[in-house]
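These notes are about the structure you will find just below.
The values are calculated or read from the model by the stated rules, or taken from the named source; none is laboratory data. Because the structure is predicted, anything quoted here is derived from the model rather than measured. Note: ideal-geometry Cβ built from the backbone for every residue, glycine included; neighbour counts use all protein chains shown. Side chains are part of the model used for accessible areas, which takes the heavy atoms of the whole protein and leaves out ligands, DNA and RNA. Shrake-Rupley method; radii C 1.70, N 1.55, O 1.52, S 1.80 Å.
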Amino acid sequence: MTDKTPTQSELAGTDTVDRANHNAKLDQLERFRADATGEALTTNQGVKIADNQNTLKAGGRGPSLLEDFIMREKITHFDHERIPERIVHARGAAAHGVFVSYGDHSWLTKAAFLAAEDKETPVFVRFSTVQGSRGSADTVRDVRGFATKFYTDEGNFDLVGNNMPVFFIQDAIKFPDFVHAVKPEPHNEIPQGQSAHDTFWDFVSLTPESAHMVLWVMSDRGIPRSYRAMEGFGVHTFRMVNVEGVSRFVKFHWKPVAGAFSLVWDETLKLAGKDPDFNRRDLWESIEMGDYFEWELGVQVVEEADEHSFDFDLLDPTKIIPEELVPVRKLGRMTLNRNPDNFFAETEQAAFHTGHIVPGIDFSNDPLLQGRLFSYTDTQLLRLGGPNFHEIPINRPVCPFHNNQRDAFHRQTIHKGRASYEPNSIDAGWPKETPPAASGGGFESYPERVEGHKIRNRSESFGDHFSQATLFWNSMSEPEKEHIIGAYTFELGKVERIFIRERQVNEILANIDLELARRVAENLGLPAPTKPSVPKKEPTPPSSPALSLMNHLSGNIKSRKVAILVADGVDGAAVDAFKAELAKQGALAKLIGPSPAPVTTADGKQLVTDAAMDGMPSIAFDAVFVPGGAASVEAMSKNGVAKHYLLEAYKHLKPIAVLGEARQLLAALALQPDAGLLEGDDVAGVFGNFVQALGQHRIWAREAMAESIPA
Ligand code: HDE
């Protein structure tokens with residue numbers, strides 16, 4: 001914030017920003033960072049500290065003295081270090097980046113950050129799970145939050161979305177009920193980070209509007225492989241308003257450049273123990289290596305006149321607009337390229353809000369969205385301790401901001417001038433309103449015409465809870481359907497009350513798809529329902545290919561992680577050749593040995609390994625390569641951890657390539673070659689097929705066979 005009185009044009013901002021201006025704005029965001037390198041250790045008052053090891057005492061063995069202001073300040077501050085974690089989305093990780101507009105989208109919105117080709121806007125994105133507390137594991141089955149703060153020239157725009165395009169409930173007033181049901185149970189705070197318990201299934205089995213969303217959560221979308229591999233959605237219908245004041249409805253989408261793909265269930269369970277920071281670590285390490293996460297921002301656009309032309313209500317947040325019906329138009333690209341310096345100051349204190357919008361973006365009357373507009377300020381008041389959370393560096397707009405709000409806890413701005421009211425003549429009337437304008441003007445709500453009786457009810461147009469769930473089910477590939485059946489079976493199998501299991505099967509699943517209900521019922525030992533409990537809406541929805549993850553693979557292996565298993569006597573040339581080929585494709589290789597010690601190749605060279613087999617198990621990788629070398633393979637064939645490594649990679653449907661002597665391992669483990677289990681004499685002989693298999697993410701055809709592998 002500048003301390004000079006802004007002019008009207010400064011208040012309004014500008015349409016395009018040159019690079020110097022952009023950097024100046026970034027500096028503004030960055031000027032609160034502190035680097036203590038070369039600096040003296042001081043108290044908070046700036047007094048240099050001579051001894052940070054010992055409390056002031058009466059004699060070497062005497063009592064400590066209350067007078068010790070240095071110790072008291074340090075301990076007091078420590079005692080107050082924790083703030084309340086978020087009531088939902090407590091577990092998260094974030095990164096800085098930049099959004100670049102593909103062009104001038106002013107036909108659609110007057111938002112300045114979308115008004116020119118190559119226009120850059122700094123962003124901060126936080127990913128999260130919903131249910132678990134701040135220290136819970138990353139890989140649990142759950143929705144992922146995908147919240148983006150755009151620091152635009154016209155103020156902050158927060159797109160507070162999820163990795164699923166629908167939600168559990170249709171009206172905000174149900175949110176505390178839903179959250180109480182999904183959170184750990186109140187008597188013993190079990191289970192952590194999971195929906196597999198009675199209260200969740202009790203609530204959703206009694207709440208048919210949740211059917212569609214629960215199906216998404218039970219699908220592979222609930223266990224993403226990486227934050228980089230998730231789609232993101234604004235969920236609600238929003239509005240975009242253009243320079244002429246024309247409003248259109250939009251749904252926001254983030255399309256991952258890496259493609260969208262997921263973990264397999266057994267992997268997630270193991271990762272939750274072996275690396276609870278799996279997704280967070282992946283984000284952090286990738287950015288440190290310069291391997292950035294990227295998405296394209298897109299919108300589905302619906303003309304105002306077409307509001308009622310769908311067989312669902314655009315305001316209903318349990319519905320998607322199938323992409324085949326309304327395509328996603330790409331507006332720009334976001335790259336996450338910088339890790340935060342401090343988790344608490346940035347990630348934990350970031351305050352997102354659906355109500356942070358800029359001119360050119362507006363709300364719809366979605367009753368869930370309307371409730372969120374209240375909730376996000378309210379929650380920050382408690383979590384961040386007062387109404388000045390916008391002054392915390394990570395939350396500050398990068399454009400000037402001035403008004404007559406004053407005081408309150410943690411105020412950092414020192415306001416000059418006498419007049420903190422408006423109108424005033426003492427300070428020449430400043431700060432002044434800015435009239436709305438085609439661009440650069442003050443915010444003006446879209447003048448939507450509304451009328452109605454004051455009533456508490458749900459529109460009939462929100463009444464169909466199952467057709468789109470059926471659409472989702474019909475759009476799944478066979479492996480995805482099997483995973484969904486497995487997920488319902490696992491979760492409902494943890495539900496103690498049989499009547500809850502029965503209700504979910506008979507009154508929810510049977511209305512989505514009878515075969516789904518039959519399979520889950522069979523697995524749970526329940527009678528299979530023979531008909532839906534509510535009349536089916538005709539016609540049966542066709543499929544929407546955009547819903548299946550199988551149609552979201554990028555086909556390349558960029559950023560994929562490959563374990564190369566090595567032991568003393570390994571064929572060093574094959575290791576080098578494989579690594580070089582992977583590097584050409586942008587994939588990452590790590591050398592994994594029997595222990596953290598370096599290994600010696602067959603030709604006597606030392607190979608420094610990245611980790612030991614038990615320290616970095618196959619679940620941390622997308623594929624495994626075992627080079628030849630008689631002694632190396634001989635050692636692995638006698639090593640249970642090495643054998644388990646391969647069996648587990650096989651079980652998790654990952655590509656495995658073996659060369660030369662390493663073929664013996666496949667025979668010893670009785671693994672049959674398939675499209676992803678590749679053997680050969682040299683790297684050139686296997687690499688092409690290896691890339692193809694890895695580009696497909698998993699060898700789904702292996703799944704039935706892999707079930708016989710011990711967990
Ligand atoms: Fe949130 N949500 N939410 N939510 N939400 C919060 O705000 C709330 C909803 C979402 O990384 C809270 O700062 C209500 C839908 C994300 O910091 C809180 C309702 C979607 C995040 C809150 C919803 C979301 C939150 C908790 C129903 C997807 C994490 C801490 C009316 C479109 C943001 C906080 C971050 C966080 C309320 C429903 C996404 C309590 C009342 C739908 C990604 O304000």
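Report, ordered by chain and residue number, the lysines lying within cross-link reach of Lys494, taken as a straight Cα distance under 27 Å and ignoring same-chain residues fewer than 8 apart.
Once the sequence-local lysines are set aside, what remains near Lys494 is Lys174, Lys183, Lys270, Lys274, Lys481, Lys531, Lys651.
Rounded to the nearest 0.05, what FRET efficiency is calculated for Tyr421 and Val246 with R0 set to 35 Å and r the Cβ-Cβ distance?
Given R0 = 35 Å and the Cβ-Cβ separation, E is 0.45.
Report the FRET efficiency, 1/(1 + (r/R0)^6), for Glu117 and Ala631, where r is their Cβ-Cβ distance and R0 is 51 Å, rounded to 0.05.
So the FRET efficiency works out to roughly 0.30.
For segment 115-157 and segment 307-375, what is the separation of their Cα centres, given in Å?
10 Å
Between Gln606 and Asp277, what is 0.36 nm times their sequence separation minus the Cα-Cα distance? Round to one decimal in nm.
Answer, rounded to one decimal: 115.3 nm.
Based on Cβ point charges of +1 for Lys and Arg and -1 for Asp and Glu, what charge dipole magnitude is obtained for the chain about its Cα centre, in debye rounded to the nearest 20?
That gives a dipole near 980 debye.
Rank these by accessible area, largest first, 1.4 Å probe: Lys558, Lys590.
Descending order: Lys558, Lys590.
Please get the size of the charge dipole for segment 561-706, origin at its Cα centre, with Cβ charges of +1 on Lys and Arg and -1 on Asp and Glu, quoted in debye to the nearest 20.
The dipole of segment 561-706 has a size of about 380 debye.
Mind checking the alpha-carbon convex hull of segment 226-373 and giving the volume per residue in Å³?
161 Å³
Accessible area per residue of segment 138-237 at 1.4 Å probe, in Å²?
22 Å²
Modelling each spin label as a point 7 Å along the Cα-to-Cβ direction, I'd like the Thr530/Ser477 distance in nm, to one decimal.
The two pseudo-label positions are separated by 3.6 nm.
Considering the dipole of segment 462-527 built from charges on the beta carbon (Lys and Arg +1, Asp and Glu -1) around the Cα centre, which of Asn474, Val505, Val495 is farthest to its positive end?
So the residue we want is Val495.
Averaging sequence separations of C-alpha pairs under 8 Å and six or more residues apart, then dividing by the length of the chain, give the relative contact order as a whole percent.
12 percent
Between Ile173 and Gln412, what is the FRET efficiency for a Förster distance of 25 Å, r being their Cβ-Cβ separation, to the nearest 0.05? Spell out each step's value before the answer.
Numbers: r = 36 Å, r/R0 = 1.42.
Here the calculated transfer efficiency is 0.10.
Quick one: Karplus J couplings for segment 594-610, per residue in order, coefficients 6.51, -1.76, 1.60, θ = phi - 60°, nearest Hz, x for Gly and Pro?
Residue by residue, segment 594-610 yields x, 9, x, 6, x, 10, 10, 6, 4, 9, x, 8, 8, 10, 7, 8, 8 Hz.
How much area per residue is accessible in segment 561-706 when the probe is 1.4 Å and only protein heavy atoms are counted (Å²)?
So segment 561-706 comes to 38 Å² accessible per residue, rounded to a whole number.
Starting at 0 and stepping by 5 Å, how many percent of the alpha carbon pairs of segment 555-605 end up in each bin?
Over segment 555-605, the share of Cα pairs per 5 Å bin runs 5, 21, 26, 21, 14, 9, 2, 0 percent.
Report the full-extension gain for the segment Phe312 to Asp378: residue separation times 0.36 nm, less the Cα-Cα distance, to one decimal in nm.
Working: separation 66, 0.36 × 66 = 23.76 nm, distance 3.14 nm.
That pair, Phe312 and Asp378, stretches by 20.6 nm at full extension.
Once the piece of chain linking Ala58 and Ala36 is laid out straight, how much longer is it, given 0.36 nm per residue of separation minus the C-alpha distance between them?
Between Ala58 and Ala36, full extension yields 4.7 nm more.
Top to bottom by accessible area (1.4 Å), largest first, where do Glu231, Glu117 land?
Glu117, Glu231
To the nearest whole percent, what portion of all C-alpha pairs in the chain is separated by more than 45 angstrom?
Roughly 31 percent, rounded to a whole number.
Take every DSSP beta bridge whose two residues both sit in the chain, then give the antiparallel share in percent to the nearest 5.
Expressed as a percentage, antiparallel bridges in the chain total about 80.
Antiparallel as a % of all DSSP beta bridges within segment 561-706, to the nearest 5?
15 percent
Count charges around Ala706 for me, please; just the other residues with Cβ under 11 Å from its Cβ, Lys/Arg as +1, Asp/Glu as -1.
With Lys, Arg at +1 and Asp, Glu at -1, the neighbours total -1.
Calculate the spin-label point distance for Asn689 paired with Asp27, positioning each point 7 Å from the Cα along the beta-carbon direction, and give it in nanometres.
Taking the simple label geometry, Asp27 and Asn689 are separated by 5.9 nm.
Calculate the spin-label point distance for Asn404 paired with Ala196, positioning each point 7 Å from the Cα along the beta-carbon direction, and give it in nanometres.
Between Ala196 and Asn404, the simple spin-label model gives 5.9 nm.
Diagonalise the Cα gyration tensor of segment 428-569 and give the resulting equivalent ellipsoid semi-axes, square root of 5 times each eigenvalue, largest first, whole Å. Display every interim value, and only then the final one.
Numbers: eigenvalues 372, 215, 58 Å².
They are 43, 33, 17 Å, listed largest first.
Using only the alpha-carbon atoms of segment 561-706, report the extent along each of the three principal axes, biggest first, to the nearest angstrom.
Between the extreme Cα coordinates on each principal axis of segment 561-706 lie 40, 33, 27 Å.
To the nearest 10 square angstrom, how much accessible area does Asp682 have with a 1.4 angstrom probe?
80 Å²
How would Lys74, Lys654, Lys416 rank on accessible area, largest to smallest, probe 1.4 Å?
Working: Lys74 110, Lys654 0, Lys416 145 Å².
Greatest to least solvent exposure: Lys416, Lys74, Lys654.
Where Rh is the Kirkwood radius over the Cα pairs of segment 69-110, the temperature 20 °C and the viscosity 1.002 mPa s, what D in µm²/s does Stokes-Einstein return? Please report the intermediate quantities before stating the final value.
Values: Rh = 15.6 Å.
Approximately 138 µm²/s, per Stokes-Einstein.
I'd like to know which of Gln300, Ser219, Pro617 lies farthest towards the positive end of the charge dipole of the chain, counting +1 on Cβ of Lys and Arg and -1 on Cβ of Asp and Glu.
Pro617
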